[in-house]
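The values are calculated or read from the model by the stated rules, or taken from the named source; none is laboratory data. Computed from a predicted structure; not experimentally measured. Here the Cβ is made from the backbone with ideal geometry for all residues, glycine too, and neighbour counts use every protein chain on show. Surface areas here come from the heavy atoms of the whole protein model, side chains and all, with no ligands, DNA or RNA. Shrake-Rupley method; radii C 1.70, N 1.55, O 1.52, S 1.80 Å.
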Amino acid sequence: MNDCFICNKHAGNIHTAGVMIYEDEYVYVGHIDRNGHPNYLGHIMIDLKRHAPTLADMTMEEAKAFGVIMARISKALTESENAEHIYSLVSGNSVPHLHMHLVARYPHTPKEYWGPSEVYDWKDAPMGDNDAIIALCNRLKTYLDGNPHE
């Protein structure tokens, strides 16, 4: 899949923000990349490593790995980053390679900015550069490493 953004990212042909949070034979977890623009801290991407367009294309082994890491990353965002809610969505409209967005919502976010896209519009949203993204990724990785069965 030479023209697939996610396949190219996994092959090392494209460099994205942050660092790897988790990887196994089925999934890769990292922070979303916004082409060098300030980024909402806690917008995590779970990519299926095999090129498959939709949730329905996963094998049962992939589905188990995807579900478990979704729960573990959500717990890490809650415990490590003090998120009060985690949004999750799979769209697949612009990149036909299965990936899930997990977006943390933090305490004191006004209700009008509740939602996985709406949080970006809040003027006081926790935004950061690549150094802040790397620090967040490393905190999540440390949390996962310290809590391997959660």
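Looking only at the stretch 72-94, count every residue that is open to solvent by 30 Å² or more (accessible area, probe 1.4 Å), β-branched (Val, Ile, Thr) and either in contact (Cβ under 8 Å) with a residue 60 or more places away in the chain or assigned to a helix (DSSP H, G or I) (or both) and tell me the total.
1
If you check residue 8 against the conditions, is it at pLDDT 95 or above, more than 15 Å from the chain's Cα centre (by Cα) and not aliphatic (A, V, I, L, M)?
no
Cβ-Cβ below 9 Å, separation at least six or inter-chain, first residue in the stretch 2-19 and in contact (Cβ under 8 Å) with a residue 60 or more places away in the chain and open to solvent by 50 Å² or more (accessible area, probe 1.4 Å), second assigned to a loop (DSSP other than H, G, I, E, B) and among the aliphatic types (A, V, I, L, M): which pairs?
Listed pairs, sorted by first residue: 5/14; 5/95.
Here is a check on your reading of the model: is residue 52 among the hydrophobic types (A, V, I, L, M, F, W, C), surrounded by 15 or more Cβ atoms within 10 Å (Cβ to Cβ) and more than 15 Å from the chain's Cα centre (by Cα)?
yes
Looking at the stretch 98-150 only, could you name the residues that are open to solvent by less than 70 Å² (accessible area, probe 1.4 Å) and either touching a Pro at 6+ places or on another chain (Cβ under 7 Å) or of a type in the set (Lys, Arg) (or both)?
98, 101, 103, 105, 106, 122, 128, 141
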